[in-house]
Amino acid sequence: MGPTEEGLTGSEAGLSVRRVDPLALPDWDQRVARFSGATVFHSRGWCHVLHDTYGHRPHYLVLEQAGQWQACLPLMEVSSRVTGRRAVSLPFTDFCACLAQSEAAARALWPALPPLAREHGWKRLELRNREVVPPETPPSVEFFGHTLDLRASREDLQLRMEGSARRSLRKALHSGLKSELATDLDAMAAYYQLHCLTRKRHGLPPQPWRFFQNLQRHLLGPGGGFVVLVRKDQTVIAGAVFLHFSSQAVYKFGASDLSAQELRPNNLAMWTGMSYYC
């Protein structure tokens, strides 16, 4: 595949676009970590979670020049009897920007996508970012993200909290709640019980248990995240799942026992994760 983009021409700049399978590259994480915007969703572990749980096939694209990656677009094929075959970047993923050294490098991937879609019979292509598509392309949906700078000290972070958040955290601590960090499967199972209850309360089906098993196996176990459990005495009343990669962390899941909300366990769970990363 030969990309052509203003400022980047394949034949002149020695650029090429090729498909790469992260599961077949042991040094994948080291390669993508060189991009400043890399998150856990770009990692090999997250690719493993999606592939092993749902069977989605990776078709990641990289723009290469003299053996160096200039851009990387994670892409997976999703097959459904309802919606047909499509490509998503990435399914079950909050956000997954194209990693690129420049805007031109990201846009240079676009010409490779239509022939790839025709080759595999994709009916749709879902990109959760604007970097790759032509500038005039309107988004089908928009959303807000929340980012917090965790380079400050714990004390400074508390001072930056709203007063209501500080009061809720004090209430949780004064109520005798205890929080712990864990990465083992038993901790994930304890969280999953609350996760199912919370999803039911919201009228949504929970992800299958094997998803959380793979999350523990491919990310938490190797050091890419942890579960926070909040207990009242010996009973787990809230939990949260945090994931991290390179210099960025993500609050991925949270769940709690509704009957214990007055003790503010969710505030303690969130603070425990934030405090750890500080």
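Every number here is computed from the coordinates shown, using simple stated rules; none is lab data. All values reported here derive from a predicted model rather than from experimental measurement. Reconstructed Cβ throughout: ideal geometry from the backbone, glycine too, with neighbour counts over all protein chains shown.
Observations on the structure shown:
- Residue in the range 171-186 that is assigned to a helix (DSSP H, G or I) and within 13 Å of VAL241 (Cα to Cα) present: yes
- ASP184 of a type in the set (Asp, Glu) and touching a helix residue (DSSP H, G or I) at 6+ places or on another chain (Cβ under 8 Å): yes
- Check on LEU185, of a type in the set (A, V, I, L, M, F, W, C), more than 29 Å from ARG124 (Cα to Cα) and either buried (at least 17 other Cβ atoms within 10 Å of the Cβ) or in contact (Cβ under 8 Å) with a residue 24 or more places away in the chain (or both): yes
- The conditions of being surrounded by fewer than 15 Cβ atoms within 10 Å (Cβ to Cβ), assigned to a helix (DSSP H, G or I) and of a type outside the set (Val, Ile, Thr) are not met by ARG217.
- Selection of helices (runs of 4 or more DSSP H) fully inside the range 17-135 by the criterion of at least 3 residues being farther than 24 Å from LEU220 by Cβ returns 103-107, 113-120.
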